[in-house]
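The values are calculated or read from the model by the stated rules, or taken from the named source; none is laboratory data. Keep in mind that what you see is a predicted model, and the values were worked out from it rather than measured. Cβ atoms come from the backbone with ideal geometry, glycine included; neighbour counts cover every protein chain shown.
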Amino acid sequence: EPEVTQTPSHQVTQMGQEVILRCVPISNHLYFYWYRQILGQKVEFLVSFYNNEISEKSEIFDDQFSVERPDGSNFTLKIRSTKLEDSAMYFCASSDSGYTFGSGTRLTVV
Amino acid sequence: AQRVTQPEKLLSVFKGAPVELKCNYSYSGSPELFWYVQYSRQRLQLLLRHISRESIKGFTADLNKGETSFHLKKPFAQEEDSAMYYCALSTLRGNQGGKLIFGQGTELSVKP
């Protein structure tokens, strides 16, 4: 069964540093997403991406965040200057007729 | 406002007991509702969706528009059902670009 792949599985970074979280969506899917889950809280929508542009973003997705599909396979989430409160599990997903989630990247900002 | 509410943070039952995980939603249009399961910090997996009306691993869920609920049920819980369960609402039909709005999640613990 096709999978959404996320790397790395765990990333530790210092406050103020830039991080890039990587995702390889399912190849024939057209819609891509990032969600995050702060420890002990619910999964929250960050952004959706279609046809090489953002189709919707949440209030969380401020100027510190950006997404990119640099080639035909990868879908990245960049956080420019990380804050302690960015520590969370970040899930990538892609969809066609249904959603498939990746296994997540645990980001720890110290 | 679009919202999904799962009132129970933790539900603990004995093996063989019936299980009901509650989910209520608030949405002005016609929602598409899902249940996702997450075993031991693994990826979120789709358990079932209301439009398919199928039973997966013995679980069923019926959309009740009058009560705006989509409770997840299983008549006889098994130990391997222990996991986090998330109710979610999609804002577009068929997940075509629609975002998912999640509830807080309910941790189901099935004791031997």
Of the listed residues (A:R22, A:R36, A:R106), the one being touching a His at 6+ places or on another chain (Cβ under 7 Å) and outside any loop (DSSP other than H, G, I, E, B) is A:R106
Check every one of the strands (runs of 3 or more DSSP E) wholly within the range B:16-112 and list those with 2 or more residues that are touching a residue at least 40 places away in the same chain (Cβ under 8 Å) and under 14 Å from the mean Cα position of the chain (by Cα).
B:19-21, B:24-26, B:32-38, B:72-74, B:83-90, B:100-102, B:106-111
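Take A:F91 and tell me if it is in contact with a Leu (Cβ under 6 Å, 6 or more places away or on another chain) and either within 10 Å of chain B (Cβ to nearest Cβ) or modelled with pLDDT under 95 (or both).
no
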I'm checking my understanding of the structure. Among residues of the range A:20-50 that are free of Cβ contacts under 8 Å to residues at least 24 places away in the same chain and out of contact with any Phe, Trp or Tyr (no Cβ under 9 Å at 6 or more places or on another chain), which one is farthest from B:I101 (Cα to Cα)?
A:G40
Quick check: is even one residue across the range A:57-71 out of contact with any Phe, Trp or Tyr (no Cβ under 9 Å at 6 or more places or on another chain), in a strand (DSSP E or B), more than 14 Å from chain B (Cβ to nearest Cβ) and not aromatic (F, W, Y)?
yes
All positions within the range A:4-40 that are surrounded by 13 or more Cβ atoms within 10 Å (Cβ to Cβ), modelled with pLDDT under 95 and more than 15 Å from the chain's Cα centre (by Cα):
A:H29, A:L30
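Which one is nearest to B:I56 (Cα to Cα), of the residues in the range B:13-37 that are among the small types (G, A, S) and at pLDDT below 95? Working first, answer last.
As a first pass, look at the range B:13-37 and keep what is among the small types (G, A, S): B:16-17, B:26, B:28-30.
After this cut, where a residue has to be at pLDDT below 95 as well, the list is B:26, B:28-30.
Working: B:S26: 25, B:S28: 28, B:G29: 27, B:S30: 23 Å.
Within the range B:13-37, the match that is nearest to B:I56 (Cα to Cα) is B:S30.
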Residues in the range B:13-63 that are within 15 Å of B:G105 (Cβ to Cβ) and hydroxyl-bearing (S, T, Y): how many?
4
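Just for the range B:69-103: of the residues that are of a type in the set (S, T, N, Q) and out of contact with any Pro (no Cβ under 9 Å at 6 or more places or on another chain), which one is nearest to the other protein chains (Cβ to nearest Cβ)?
Narrowing the range B:69-103 to residues of a type in the set (S, T, N, Q): B:69, B:78, B:82, B:90-91, B:95-96.
Of the ones still in play, those that are also out of contact with any Pro (no Cβ under 9 Å at 6 or more places or on another chain) are B:69, B:78, B:82, B:95-96.
Numbers: B:S69: 18, B:Q78: 23, B:S82: 18, B:N95: 5, B:Q96: 7 Å.
Per the stated criteria, the residue is B:N95.
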Quickly run through the range A:66-110 and pick out the residues that are among the hydroxyl-bearing types (S, T, Y) and crowded, with 20+ Cβ neighbours inside 10 Å.
A:T82, A:Y90, A:S94, A:S95, A:Y99, A:T100, A:T105
Quick check on my filter: what residues within the range B:69-85 are crowded, with 20+ Cβ neighbours inside 10 Å and over 13 Å from B:G105 (Cα atoms)?
B:F70, B:K74, B:A77, B:D81
